[in-house]
Structure formats: C-alpha cells, structure tokens
Amino acid sequence: MFAFVVCTSFLVEPSVVGPAPQVTIIVPVYNVESYLPETLTSIAAQTVFAQCRVILVDDGSTDGSELLAKQFAAEHANATAVRQVNSGPGAARNLALDMADTPYVTFVDSDDILPPRAIELLLAAILRHRASIAIGDMNTFPKPTAFLWKKPFGKGDRLLDSVVDAPELVFDAGPCHKLYDLAQIREHGFRFREGVHFEDAFLAIPMLLKAERIALVDEVVYEYRRRGSGDSIMDNLFIRAQNYWDHLDLCETLAELRPELDVFRREVLERFLVRSYQGFAMRAHTLFGDADLWRIFERCSRIYQDIDPSFIARWTADTRHRVPFLAFKSYDFDLFARPWERVQGVVACGGELFLDYPIAPALLPLTKVSAVAVRLEQVRVAENGTMVTLSGQVQVNGLPMHRPVRTPLGLRVRGSGLTVPALPQRRPDLKSADDSREWAGFTAEIPAAQLRNGNHSLRLVFQTETGQASSQAVITAAYLRDAPMKLVGDTRILPNFIGRDSAALQVLRASGATGQRRWQRMLVRKDLRHAVGRQPFWKQRLLRLITEPLMRRRDIWLIGERKDTAQDNSWHLFRHLRKSEPKRNVYYLIAKGSPDRERLRGLGNVVTCDSLRHKFLLLHASKLINSYDIDSYMLPSKWDRTAFLKHLNWRIGADRVFLQHGVTDKDVSGGLHRAKTGVDLFVAAAGLEAEYVAEHFDYGSAAQRLGFPRFDALVPERGGRRILLMPTWRSYLVSPSYNPGLPPRLPFESSRYALFLQELFASEELKQSLRHHGYTLEFLPHYEMRQVSTSLVPSDPCFAVVDQTRRSVQDALRQCDLFITDYSSTAFDVAYLGTPMIYAHFDSAEYFSIGGYRRGYFAHHEHGFGPVCETAEETVRAIVGYLENGCLREEEYSRRAADFFAIQDQHNSRRVSAAIAALPGPRR
C-alpha cells in the first residue's frame, strides 16, 4: 500500500514565491490566428504573470500567427517570440525547453485557455511539497469529456508519493495542465519526440513514472479546446496510418524503462502499454498489408511477451481487443492479420463462451467472450402459411463473422419447450458498417402449430460440442415496427417484449369467432392495464380503445414528406388520389407555416402537423406513406419515437410504405435494409432497382417496380437556356437536420466539394461560353447543404441560385437544358426526361471512404446517362461541348436510359395506389 498525504490547501503567501521568474510558459504556435489571441490573453491574465516567462515558438505558420506572437512579445517584457522552419510541435517545445531558465516549466497549446489562477495554484503546490510535478484538473470545451485519468480528481488537493497512488494518471499523456521541475526533466534527459504524433507523451509519461512526489490540485487549471471540424491531431485517431507507427514507437520507448522501475511502477507502465495500444492492434489488419502487419506483429510480440495474460485480459476493453494480444502471446501471425480465418466459432464451458482457438491453459483468459448481443428485427409469416420466420443479428464479442459461424445455433422459445435451428444469414447492411459482421445475421422458422398459449421469451442458443450457452434476444426498432399481430392458421402471434427490452412472442391459439373474441378481450385488458399503470402513451391507448368502434372501417391513409414540404412522390400520389379517388380517406401531413401548403390548396384533407387531428388520425391509420423516414417525419414532434414504437405502434398496426425520394443505385442497405425499416412496400422506379433492393436489402416481394408518382408529371419544358447544377449532400460536411447535434467530420471550407464549386464558378472559359450562348447556370444544392454552399455562388449574371420557395425541384429538373450532378439520384429523373447530363465525380475517394457510401449495381461509366468528369476543368469542357452542339443527348446515353426505364408512361401513381390498397392492412 502506498499512502498519500492530504493537504488542506496548497496556497502560500506571495512572499514565499518571491519576485524572480519562477515559471516558463512554453507555447508552440502553428496556424492558429483565430484562437491565439484568446490564448495569449488568458496567459497575460495570470495572477502571477510577473513571475512567469513566456516563450512563443512559431512553427512556420502561413497565416497571421507569427505576427500575433511578435506583437505579444513586444507588449510584454517577459515574453519572447521565436520562429523555426516547420518541424512540428515536438521540435517547437524542445527549442523552448532548451531556452528555459526558470526552476519550473509548463506547456500551453496555442488554441487553449488558462484560468486566471492556473499558474498560481500549480506553483504553490509544487513549492509547498517540493514535488516533481504538480497536476491540476482540466476541462474541455465547448463540450466536456469524461477522461479516464480524471478519476483521482474530485477528492480534494493531495500529495501522491508516486503515480502508483493514482495509476489512472498514466493515461494523461499530455504536458499541459502540469507544472514540471525543469531540473528533473534535464536530469533524466527527457525530450519531446520530433516529427511524430503523440510527441508530448514521450516526455509526459516518463516524467510521471519517474516522479517521486506528485502534487494534485483539485481545481481546473486548463481549458482544452476540442475543435469540431476534424482538424486537431487526435481526431480520426485510428484512421491515420502513421498514428499506428508513432504510437508503437512510444510503446517501445516506454517499454525500455521497465528495468529502471520498481514492480509497482512497472505495473502502471504495463497498464498503459496494454490499454493504449489495444485499439491500434485490433484495427491494424483493416489498414495494412502483410508486410507492414508483420513489422507491427514482431515489434508488439517483443513488447508484450512478458506481460501476464490475466493482466492483459484485465486491462483490455473486451474480447475483440484481446485477440491481437492472444496472437502476440501465441506468436500466431495469421490470427493477428486474418483473425476470421483462425477463429470461426465458440465453445461453451459452464454456461460461458470462449473463442474456439487451440491454446495453452495460461492463455484462456484472453479467449473468454466478454459479451453476446442478440437482437431480433423481423417477424414474418412464411410463404407456406404454417411457419413464423424470425430474423435478427448476433454479435459475439471477439468472433469475426466474415463467413458463416461454424458453431450450430438455435432459437429457443421458452414456455413452449421448443428450440429450432437458427441459420446464418448474410447481411450487406451490417457489412457496410463493419466487414467483420457480414454473416452476423440469422433466421429461424418456428412451426406455429407447436407454439403454446402464453407470452414466451426468446433466446439464442450456442450448441457446442462442450455444452450449451444461451443469450436473451432483445428488441430493436425494426422489430417494434414489425410488431403488429401475425395470423398463422388459428394461431395469433404478437411480437412484444418483457421487462425493459427482452424480446417475446405472445401466442393465442383459438379458431373462428371464439378466437377473435378472446383476442379482442386480451387487447382490451392490455389497454386498460396500460392506462391504469400510467405507462407511456396511456392516454392515446385509452382514446384509441374508446373510439376504435367508430373508426374501424375508415381505412385511413396518412401521407407526408418532410414536415415542411409537398414536392416529391408523396405529394404527387396524394394529388392523384384526391382527384381520382376523392372518397378515399387519404390525408396529407404538413407543417402549419410551410410555403408548400399552397401546393395543396383545393385538394382538401390537409392536416397540420402536431395538431389534434394529426394525433387522432394517426391512432387509427391503416397506411403510413412517406418518401422519407416515417418515424422521423410523420410522428408528432413531442412524441418520443422509442416509446411510440414500444407502446403504441403495434396497437395501431399500420402498413408502412416507402415511396423513396430518388432511385436507389448505391448500397445504402445500412439505412434501408428491411431489418432496419420494417417497411411493407418499397416502391422502385425500375426493374433493375427493384431486383437489387429485393435481394440485397431483403425486401423480397415487398420491393415492387411501380414507378415514381412524380414521374407522371415529368414532362420536359426545355428551351429556357438553363443549366442546372445539383450535387447531392455529404453527411460528413454538415450537421444533418434530423440530428443537428452531430458535428461535421470534415471542415466544409477545405473540402473537395467546396473547392470544386469555387474552381467551377471562377472559370473564365465557362463564363465566356455561357455569355456567348446566352445560358444561365443555376445552382440547386441539396436540402442539407444549402446553408453552407450557396454563398459560393458569385454575383454574376451567368449564375443563379434556385429559389425553392418559387420553383420546386421537379420544375427545375423539367426546365433545364443541361443537367450536372455528382452522385445524386435526381440524375434518373433527368434521364427519364431525355435531358443531357454530366456527372462531376470530383471527390470520389472522399465521398465513398469518409462518407461511408458503398457502390451498388449502377456504375456511372458503364450504365450512366452522360459523360463522367473528375475535375472542374473537365466539367467545364463538357459543358462547353454541350452548349456548342445545342444541348443534345448522344444516342448511346438515350439507349441506356431506355434500357433502364423499360416502362415510361403516366400511370405510376395509379400502380402505386393499387399496390398500397392491396396491402393486408392492420392485424388488430
């Protein structure tokens, strides 16, 4: 046991400190003119600023940072500004460290802030206790961060004999919010590593490990700025390949300290070695080829060979992080480089699961499965009419699922004494997020005749040679969307849940009118118990129960798009239905102040979002129809989506229809797979699209080639000498409207998207051609990109921004003589119109890698309806070429369009409405 001394206060009289400079504040500076003034102001505001020396090292900035540093030095006699050729923050700090001549030194990054008493508190603490280091608390802004190393704080000021008394501090690898004894840094010969990331850890961690006395100041002495645009060094930690090498260098450097440390400090060091590199070790095979992987493997095997497996198991997050260490300890390169080839199943022992991998007993802790997650997503009646098909996904931590798992699986229906085989299912949607989950899906067929009455929980069983282990299946949003009652012969099956989220099936077997009455009585009892218990949506359940006899035969269709729009397939379908079937109970949802309400004038049955009428009609809806996400845009704003799905959706039981807002040509199964949406009818515009969605997204016959309702109005109005530029959005460049709290991953200003637009609009060749031929290039950005992109359009008669309050997207498409897009599905609308187009693929690598999009069945070079350009210059040449030939589409592209759209007529809305009417409707 290592004891620590508790101090009531670290504050001392100013006379104890003395007037001579005591602290050197080192600030490396590089291209931070937007942040540096605030940082420097906070330094100058220190209560003991007169006892400090400030050294600003400009690392070859290309903005105004150097000038700001020089101005600060000119205004303060105790400040010095120097400049070096760009060499990185490590070199900048080392240069200043060599210049320092005070007893103590601290470091401040040039975009962060010091509270006024920061240096005073740290200096008082280190002097009082003659400590090697004083460490204060740190906050991050604009959002707080729960750092692991902050655990020792919140217990008052105190003195630690060594880092062993607060081992979590070893994970604080930065030199900021610390005050160091400069003589001890020089005595140990510690330096910042130059030319690498994590350069500060090469000094900060060794100093922590070597320190004999550490003074903790339990007050915030540092405000760390977390930039939201992805331009800080620590952003995208596991994406930059160089980070893997730099952190490995750090681990090797630290491992060399082991002979100099006692057994307790060595344990703290090894905790850092294991925990800090686990993320890199686990992901390395996704980033590197065999040659580089072998270098990493050899070096890691040396670092970790003497660390006990149980210790590794304790300080790694879970089994998947332990697998690479298992490879290092067993010296199995294939396990490190291709774990899916070496581990393809699990074994059970005492109800616990272990990875099926041959090892010595000492390594067993590294194979124990830390977690199993089983999620049910769909419940359907099989085509033979006698079985219920349940499907979902399983995740066994540490078990890669690049291929079907060898371990036999079963789905157990507890209470029915029934366990049926669960077969592996390939899931493109899961693969799109993580290649190791390609075969994480499963499906099981349950004979309805063998189900007993009652409410039965569902468990996935691992049937291994050494025994069995099982895991409770839990519900998902898709499972709840698919939750209306299923009727199989005389058996009624209601997917529901027990407790918080345990998946279950409620079964009632009874035939004829008797069965119907028993089922209705059970539902009434459920509603009444729900109301008495004041559970979520109890008022809505009670209101629906009371009014259901009056509304039972109404067959209410609710249609909508985004809450403020009426422009897409939903609007066209609604208009068709109101004119051709005026007696049908179809209603359109739209926000009260939306300009698009004007489009609905005279049609009737327009319902204001969030009104009482909206809420009441939703309780009795038989069809929910939208071009976008139903739960995001059709529920009242104050209704919690999760609570709605759990407590009300199954009781309403409406069919869900997805009209789409563009042809699906990419692999967007991650968001549109049926296991995510629970959609009953997926409307496709073309046969090839319907086939792809049916097979790849698992919709089967629910995906139908019906044509888009908006295509009925796609009649060209060319001749106005308009060119329409309409790129799609980039989810990584903006905060989406459906999740405004999600920050952009890349700064828009430096993106390829922004650079392309700047180069295009600046082209003199383009402007001259537009003027010569009398054309205007109109810019119509995606809904999500409008706020950040329209400012790039110059004030020039050659260019214009489409005002969507006056012209709809469809009108803009119909009226253009030439269309330019990137990957937008609106290209299919234009192809349908017969208008020539240009594909501008100016950021393919960024779009598909960072954006996470995956290519589908449609290749623009092979199947597209116009030339593909990769730069602004190529795009300009293509535009000029079309202007010179009168904007005529080439025969090859016309043939491709005719092949893709085998049927082109004005009966799409009719086909869609017939398909919706044919859906079975609620099973209540």
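The values are calculated or read from the model by the stated rules, or taken from the named source; none is laboratory data. Given the structure is predicted, the values throughout are model-derived calculations rather than measurements. Glycine gets a Cβ as well: all are built from the backbone with ideal geometry, and neighbour counts include every protein chain shown. For accessibility, only protein heavy atoms count, side chains too; no ligands or nucleic acids. Shrake-Rupley method; radii C 1.70, N 1.55, O 1.52, S 1.80 Å.
For Gln506, which sequence-distant residues (separation of 5 or more, or a different chain) have an amide H within less than 5 Å of its own amide H, given hydrogens modelled in the peptide plane?
Sorted by chain and number, the residues that satisfy this are His456, Leu494, Asn496.
Quick one: Karplus J couplings for segment 407-413, per residue in order, coefficients 6.51, -1.76, 1.60, θ = phi - 60°, nearest Hz, x for Gly and Pro?
Each residue's phi maps through the Karplus curve to give 6, x, 10, x, 10, 9, 9 Hz.
Working from the pairwise distances between different alpha carbons, so that the mean of 1/r is found and then inverted, what is segment 854-908's Kirkwood radius in Å? Walk me through the numbers before you get to the answer.
On the way: mean 1/r = 0.0757 Å⁻¹.
Result for segment 854-908, one decimal place: 13.2 Å.
Please list, ordered by chain and number, the residues whose modelled amide H lies under 5 Å from the amide H of Asp218; skip anything fewer than 5 residues away on the same chain.
Counting only residues 5 or more places away or on other chains, the set is Asp157, Arg158.
Within 10 Å of each candidate Cβ there may be at most 16 other Cβ atoms; applying that plus a DSSP loop requirement, which GluC sites (Glu not before Pro) in segment 232-332 survive?
Details: sites: Glu252, Glu256, Glu260, Glu267, Glu270, Glu298; in loops: Glu256.
When the GluC sites (Glu not before Pro) of segment 232-332 are filtered for loop state and at most 16 Cβ neighbours within 10 Å, Glu256 remain.
Where the convex hull is taken over the Cα atoms of segment 147-295, what is its projected area averaged over directions, in nm²? The partial results should precede the final answer.
Values: hull surface 40.2 nm².
Taking a quarter of the hull surface, the average projection is 10.0 nm².
Report the charge-dipole magnitude of segment 712-900 in Debye, nearest 20, computed about the Cα centre from +1 at each Lys and Arg Cβ and -1 at each Asp and Glu Cβ. Walk me through the numbers on the way to the answer.
Working: 18 positive and 25 negative charges, 81 e Å.
Here segment 712-900 has a charge dipole of around 380 debye.
First obtain the Kirkwood hydrodynamic radius of segment 427-576 from its Cα pairs, then insert it into the Stokes-Einstein equation at 37 °C and 0.692 mPa s, and state the resulting D in µm² per second as a whole number. Intermediate values should be presented prior to the final figure.
On the way: Rh = 19.4 Å.
Rounded to a whole number, D works out at 170 µm²/s.
Considering segment 712-900, what Rg and Dmax in Å follow from its alpha-carbon atoms?
16.0, 48
Answer rounded, prolate or oblate for segment 795-905, using the Cα gyration tensor with square roots of eigenvalues a ≥ b ≥ c: rounded when a/c is under 1.5, else prolate when a/b is larger than b/c, else oblate. Walk me through the numbers before you get to the answer.
Details: a/c = 1.27, a/b = 1.07, b/c = 1.20.
It comes out rounded by the Cα gyration axes.
Quick one: dipole size for the chain, taken about the Cα centre, charges +1 on Lys/Arg Cβ and -1 on Asp/Glu Cβ, in debye to the nearest 20. Mind showing how you got there, number by number?
Values: 114 positive and 108 negative charges, 1290 e Å.
Charge dipole of the chain: 6200 debye, to the nearest 20.
Would you kindly derive the ³J(HN,Hα) couplings of segment 499-509 from the backbone phi angles with the Karplus curve 6.51 cos²θ - 1.76 cosθ + 1.60 (θ = phi - 60°), listing them in order in whole Hz, with x for Gly and Pro?
Taking θ as phi minus 60°, the curve returns x, 7, 7, 6, 5, 8, 10, 9, 10, 9, 9 Hz for segment 499-509.
Could you name the lysines whose alpha carbon sits less than 19 Å from that of Lys150, not counting residues in the same chain fewer than 8 places away?
Within reach: Lys178.
Specify the inter-centroid distance of segment 484-553 and segment 273-316, based on alpha-carbon positions, in whole Å.
Here the two parts' Cα centres lie 53 Å apart.
Restricting the count to DSSP beta bridges whose residues both fall in the chain, what percent are antiparallel, rounded to a multiple of 5? Walk me through the numbers before you get to the answer.
Values: 69 of 133 bridges.
Roughly 50 percent of the DSSP beta bridges within the chain come out antiparallel.
Over segment 23-229, what portion of Cα pair distances is larger than 24 Å, expressed as a whole percent?
Tail of P(r) above 24 Å: 36 percent of Cα pairs.
Considering only protein heavy atoms, what is the solvent-accessible area of His773 at a probe of 1.4 Å, reported in Å² to the nearest 10?
For His773, the solvent-accessible surface is approximately 50 Å².
Quick one: Debye curve from the alpha-carbon atoms of the chain only, equal weights, vacuum; give me log10 I(q)/I(0) at q = 0.08 Å⁻¹ to two decimals.
-0.98
For the chain, what is the relative contact order in percent, using Cα pairs closer than 8 Å and at least 6 residues apart in sequence?
On the way: 1850 pairs, mean separation 66.7, N = 924.
Relative contact order, the chain: 7 percent.
Search the structure for amide H atoms under 5 Å from the amide H of Gly415, placed 1.01 Å from N in the peptide plane, and list their residues when 5 or more places away or on another chain.
Sorted by chain and number, the residues that satisfy this come to none at all.
Give me the percent of Cα-Cα pairs in segment 108-215 that sit more than 17 Å apart, rounded to a whole number. Could you put the intermediate results ahead of the total?
Numbers: 3163 of 5778 pairs.
Above the 17 Å cut-off, segment 108-215 has 55 percent of its Cα pairs.
Could you tell me what percent of the DSSP beta bridges with both partners in segment 372-509 are antiparallel, to the nearest 5?
On the way: 52 of 54 bridges.
Approximately 95 percent, going by the DSSP bridge assignments.
Once you compute Rg and the Kirkwood Rh from C-alpha atoms, what is the Rg to Rh ratio for segment 260-366?
On the way: Rg = 13.9 Å, Rh = 14.3 Å.
Answer for segment 260-366: 0.97.
Which translational diffusion coefficient, to the nearest whole µm²/s, is obtained for segment 147-209 from the Stokes-Einstein equation, given a Kirkwood hydrodynamic radius over C-alpha pairs, 4 °C and 1.567 mPa s?
Estimated via Stokes-Einstein, D reaches 102 µm²/s.
Could you go through segment 743-756 in sequence order and give the Karplus-derived ³J(HN,Hα) for each residue, using 6.51 cos²θ - 1.76 cosθ + 1.60 with θ = phi - 60°, rounded to whole Hz, and x for Gly and Pro?
Result, rounded to whole Hz: x, x, 8, 10, x, 4, 4, 9, 6, 5, 4, 5, 5, 4.
Give me the base-10 log of I(q)/I(0) for segment 554-707 at each q in 0.10, 0.16, 0.20 Å⁻¹, Debye formula, one uniform scatterer per Cα, rounded to two decimals.
Summing over Cα pairs of segment 554-707 leads to -0.35, -0.90, -1.31.
Need one word for segment 30-96: rounded, prolate or oblate. Basis is the Cα gyration tensor (sqrt eigenvalues a ≥ b ≥ c); a/c below 1.5 gives rounded, then a/b vs b/c decides. Show your work: numbers first, answer last.
On the way: a/c = 1.97, a/b = 1.46, b/c = 1.35.
It comes out prolate by the Cα gyration axes.
State, to one decimal in nm, how far the label point of Ala918 lies from the label point of Thr145, with both points 7 Å from Cα in the Cβ direction.
5.6 nm
How big is D, in µm² s⁻¹, for segment 372-509 by Stokes-Einstein at 25 °C and 0.890 mPa s if Rh is the Kirkwood radius over C-alpha pairs? Present the calculation step by step, with values, prior to reporting the outcome.
On the way: Rh = 15.1 Å.
Result for D is 163 µm²/s.
Can you compute the charge dipole magnitude of segment 23-229 about its Cα centre, using +1 on each Lys and Arg Cβ and -1 on each Asp and Glu Cβ, nothing else charged? Give it in debye, rounded to the nearest 20. Before the final figure, lay out the partial values.
Numbers: 21 positive and 28 negative charges, 73 e Å.
Here the size comes out at about 360 debye.
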